[in-house]
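Heads up: the structure comes next, in structure tokens.
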Amino acid sequence: MGAMPHIAIVGGGVVGAAIAYELSRHPSLQITIIEQHQPAQASSGAALGVLMGAISHKTKGRAWRLRETSLRTYEAWVPELEACVGKPIPYNRQGIVMLLSEGADLANWDALISTRQRQGWTLECWSREQLRDRCPQVMDDTIMAAIYSPGDRQLDPTALTLALLQAAQQRGARLQCQTKVTGMETLASGGYRLQLETHGDGHAIAVDGVVIAAGLGTTPLTEAIAQPLDVRPVLGQAMRVKLPQAMGNPQFQPVLTGSDIHIVPLGDGEYWIGATVEFPDDAGAVTADPTNLAQVQAGAALVCPALTQATVLQTWSGLRPRPFNRPAPILEPLPQRPQVWLATGHYRNGVLLAPATALTIADWVIEAFDGDKNG
Ligand SMILES: Cc1cc2nc3c(=O)[nH]c(=O)nc-3n(C[C@H](O)[C@H](O)[C@H](O)COP(=O)(O)OP(=O)(O)OC[C@H]3O[C@@H](n4cnc5c(N)ncnc54)[C@H](O)[C@@H]3O)c2cc1C
């Protein structure tokens, strides 16, 4: 190993890409992202990119801190990335409208509005009439009110992940695809030798630090190094549909969300609709059930009847990495392995939490290699 600390990031999803981007600000670090397939194709490639921060019910502690940090960081990252890669990243700045059905606990929402006000975030409570006026596409009489969060966002997770990786590479990071990390040995120097498999060939690289951002690949990898961490799949299905034109006011196209269904405007009358939440059986297996997706589609059409006329362009499913029996995400050093960090198990919020995850991990990495801090 040379003088420059070499950090391997295992996983080229949105979390690994965000970490690579943040770490690549430090030219004194050598960074390699190792991805077993191609980047942005696993959970991150299936995500809808809805960033529910202010409108979430997380108000304190780590859960709120990560959300708030991420929302603020995206405001800086998106223009910075667009300038770096010379391409736009679809980023919806029109906020999120949460639809409330009859029986919703309005007192609870009022309390959240006050909390957010103290925290410097705006949430508005709209009556049914105000909702009709601003989002006339919503024509469901069981919806009695809505909460509008102008500070929340939505972005295209694939475009984002690829831009983060491209920008990190422009700053010197290396991306090694079609390479699976199958093991890790401690070296006498205090670093690690990672065992890699590429098209059936085994080889190894020596590194000084490792970030495990492997999503569902975390379990087999941590098992291989005798420190098993249980991350299980929760399946999500979604679809892309097309209408002749945008629903409602073409100048105001926020994300609509309610009863766990998101309607995400993409422009030109196209929308993503999703996502199902399907848990594995006792053996850990889960397959996409078309009736669940049909229910989500029908639920969206109840809210916005214009969607009954939409053409389905594409359907897909992905597996969210959910930590078993502990809160998401897992952000911590791997016990007994100095300079190995876990950034995994982001479950339903990996896109939302990627920037805050990256800042947290970058702080730890920089602190561990303190001498190189000013690089
Ligand atoms: C349908 C659906 C909708 C979603 N919507 C949202 C949303 O609106 N907002 C939101 O914030 N989140 C959403 N999510 C959740 C989000 O997608 C995940 O939390 C996030 O993508 C996790 O990112 P990741 O980088 O940790 O994992 P992944 O994207 O799964 O990336 C992990 C990568 O590691 C690689 N890897 C694994 N093991 C190894 C190994 N041994 N060696 C090398 N590489 C390895 C994998 O190939 C993979 O590319 C959604 C998920 C789904 C399925």
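The values are calculated or read from the model by the stated rules, or taken from the named source; none is laboratory data. The structure presented is a predicted model; accordingly, all values stated were derived computationally and were not measured. As a convention, Cβ positions derive from the backbone with ideal geometry for all residues, glycine included, and neighbour counts pool all protein chains shown. Accessible surface areas use protein heavy atoms only, side chains included; no ligands, DNA or RNA. Shrake-Rupley method; radii C 1.70, N 1.55, O 1.52, S 1.80 Å.
General observations
- Listing of strands (runs of 3 or more DSSP E) fully contained in segment 139-189 that carry 2 or more residues being open to solvent by 10 Å² or more (accessible area, probe 1.4 Å) and of a type in the set (S, T, N, Q): 180-186
- Of all residues making up segment 118-129, the number that are of a type in the set (A, V, I, L, M, F, W, C) and part of a strand (DSSP E or B): 2
- Of residues in segment 218-246 being farther than 21 Å from ASP282 by Cβ and without any contact (Cβ under 8 Å) to a residue 24 or more places away in the chain, the one farthest from the ligand (Cβ to nearest atom): ALA246
- Among the numbered conditions (1) under 17 Å from ARG171 (Cβ atoms); (2) open to solvent by less than 30 Å² (accessible area, probe 1.4 Å); (3) more than 20 Å from the chain's Cα centre (by Cα), the only one that LEU81 does not meet is (3).
- GLU270, sole failed condition from (1) within 16 Å of the ligand (Cβ to nearest atom); (2) closer than 18 Å to ALA47 by Cβ: (1)
- Only one of the numbered conditions (1) closer than 23 Å to LEU48 by Cα; (2) open to solvent by 30 Å² or more (accessible area, probe 1.4 Å) is violated by TYR91, and that is (2).
- Just so you know, in segment 325-367 the residues that are polar (S, T, N, Q) and within 15 Å of the ligand (Cβ to nearest atom) include one that is nearest to the chain's Cα centre (by Cα), and it is ASN349.
- No other residue among ALA18, ALA54 is surrounded by 24 or more Cβ atoms within 10 Å (Cβ to Cβ) and more than 30 Å from GLY202 (Cα to Cα) apart from ALA54.
- Scanning segment 111-131 turns up at least one residue that is modelled with pLDDT of 95 or more and either closer than 30 Å to GLN30 by Cα or in contact with a His (Cβ under 8 Å, 6 or more places away or on another chain) (or both).
- Long-range neighbours under 9 Å by Cβ, at least six apart or interchain, first residue on the phi < 0 side of the Ramachandran plot and aromatic (Phe, Trp, Tyr) within segment 135-163, second in a loop (DSSP other than H, G, I, E, B) and open to solvent by 10 Å² or more (accessible area, probe 1.4 Å): TYR148/THR122; TYR148/LEU123
- Residue within segment 206-228 that is open to solvent by 30 Å² or more (accessible area, probe 1.4 Å), modelled with pLDDT of 95 or more and under 22 Å from the mean Cα position of the chain (by Cα) present: yes
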